[in-house]
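A.B. asks: The following block contains the structure, expressed as structure tokens.
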């Protein structure tokens, strides 16, 4: 009996030892902070928005709005869709807050994850890794690198759950993150992602230079506005714009022009009482403009010297639908044509004044007459002695062609009645062209 008991105890002890050494015990799983790709650098959900490489990044206002942790949590946000584009009015804003950092985590997507707290509320701030292939193309990569350098200098490496440094002032772009168990997440899912600047609140810092040229295309002779977006309250600006007019400026947001096509570099250094920023530069590609068009007037038929890219204008503005090389003036006005090339750059002609489109632009005669005038719907054209081949065109008061017909038969003592009853009351221009002459007459259409 003793032998059997000893054998049982020996087997039981061996099983316990095996369980402890074979890893059968439960392994604690780390919290999932970011859904990622197979790469150790970069995530998936709305990643281009996070690193400012999305198509709408240029819409972001980099002049920071002053706020607080609680203030950001009070913003009403849509429920985040992993595939939604940048949300205007929220993610197009930059905010600056003063807070404490309580937690720092090194994410598997290489982001630096910070929990930002005001003592009661928390939200997340993240700094992308500027060396990431998906972030290095961002115009703000140098700001990511500077912000991470601050963190590395003042907080220990790796994950730190009890960060103990002084209050910091953080500037970042608002971001709505799909919830996935993040440490410190705000109830409205808002984050500052990316963080563009961070410094101790008790110590002032020199500016971080940043600017945005006005939207392309940039064209020869077209004014380009350079909008300053520098952080940390700069008080002076030094611009270098080689090849531009002016070539330098100390204005906060100067306007420049270029007289020659090419690629040019613009550089800004911004300063305050605490020092000067590192110089930041952008290149601007300046495109050629088309040749200035000229207008030929032939019986109120205006012809542009440009075969394409035309838009006709009258005193009241652009004439809708009038983009052909020719335009028939149907009213007394000042006209010009603007020509746009494949770069999106435009040139405009000198204006031409038309003052002979009155109702008696042609008189009824035994060769041609059009009646009645005013008309209620039916208009009759009588031809007598015109050439064999004629064309009839009718234009409304916008210069749009509403009726066209070519007649090739013998027209001696012939007539044509046209029904305008389907058209609105107004002024209509009849253009009758023969082999040798063009006749134009304005007809008033009135509805009873």
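Bear in mind that the values in this text are calculations on the coordinates, not laboratory data. Small disclaimer: the values here were computed from a predicted structure and weren't measured. Neighbour counts are summed over all protein chains in view; Cβ atoms, including those assigned to glycine, are modelled from backbone coordinates with ideal geometry.
A.B. asks: Taking neighbour Cβ counts within 10 Å as the exposure measure, how do 91, 393, 191, 106 sort from fewest upward?
C.D. replies: Listed from fewest to most nearby Cβ atoms, that is 106, 393, 91, 191.
A.B. asks: Can you pull the one-decimal nm distance between simple spin-label points at residue 149 and residue 252, each 7 Å off the Cα toward Cβ?
C.D. replies: 2.7
A.B. asks: Can you work out D for the stretch 71-134 in µm² s⁻¹ from Stokes-Einstein, where Rh is the Kirkwood radius over C-alpha pairs, the temperature is 4 °C and the viscosity is 1.567 mPa s?
C.D. replies: 93
A.B. asks: Next question. Below 8 Å between Cα atoms, with a sequence gap of 6+, how large is the relative contact order for the stretch 47-200 in percent?
C.D. replies: It rounds to 30 percent for the stretch 47-200.
A.B. asks: Could I ask something else about it? Based on the Cα coordinates of the stretch 277-351, what is the per residue volume of their convex hull in Å³?
C.D. replies: So the per-residue Cα hull volume is 126 Å³.
A.B. asks: For a quick check: sort 113, 180 by the number of other beta carbons within 10 angstrom, fewest at the front.
C.D. replies: Least to most surrounded, the residues fall as 180, 113.
A.B. asks: What whole-number distance in Å separates the alpha-carbon centres of the stretch 126-154 and the stretch 166-218?
C.D. replies: Cα centroid of the stretch 126-154 versus Cα centroid of the stretch 166-218: 12 Å apart.
A.B. asks: Let me ask something additional. Would you please state the base-10 log of I(q)/I(0) at q = 0.11, 0.15, 0.16 1/Å for the stretch 47-200, with intensities from the Debye formula using one equal scatterer on every alpha carbon?
C.D. replies: Values returned for q = 0.11, 0.15, 0.16 Å⁻¹ are -0.36, -0.71, -0.81.
A.B. asks: Another one. Counting residues in the stretch 211-287 as N, plug N into 2.2 N^0.38 Å and put the Cα Rg over that result.
C.D. replies: 1.08
A.B. asks: List 46, 148 from most exposed to least, where exposure is judged by having the fewest other Cβ atoms within 10 Å.
C.D. replies: Lowest to highest Cβ neighbour count: 148, 46.
A.B. asks: Take the Cβ-Cβ distance between residue 260 and residue 415 as r, set R0 to 60 Å, and report the resulting FRET efficiency rounded to the nearest 0.05.
C.D. replies: Efficiency, rounded to the nearest 0.05: 0.50.
A.B. asks: I need to check one value: relative contact order of the stretch 211-287, counting alpha carbon pairs closer than 8 Å and at least 6 residues apart, in percent.
C.D. replies: Rounded, it is 32 percent for the stretch 211-287.
A.B. asks: Going by average Cβ density within 10 Å per residue, which order do the peptides 260-271, 164-175 take, highest to lowest?
C.D. replies: Numbers: 260-271: 16.9, 164-175: 19.6.
In decreasing order of mean packing, 260-271, 164-175 become 164-175, 260-271.
A.B. asks: Let me ask something additional. Quote the Stokes-Einstein diffusion coefficient, in whole µm² s⁻¹, for the stretch 154-276, based on the Kirkwood radius over alpha carbon pairs, a temperature of 20 °C and a viscosity of 1.002 mPa s. Walk me through the numbers before you get to the answer.
C.D. replies: Working: Rh = 17.6 Å.
D = 121 µm²/s.
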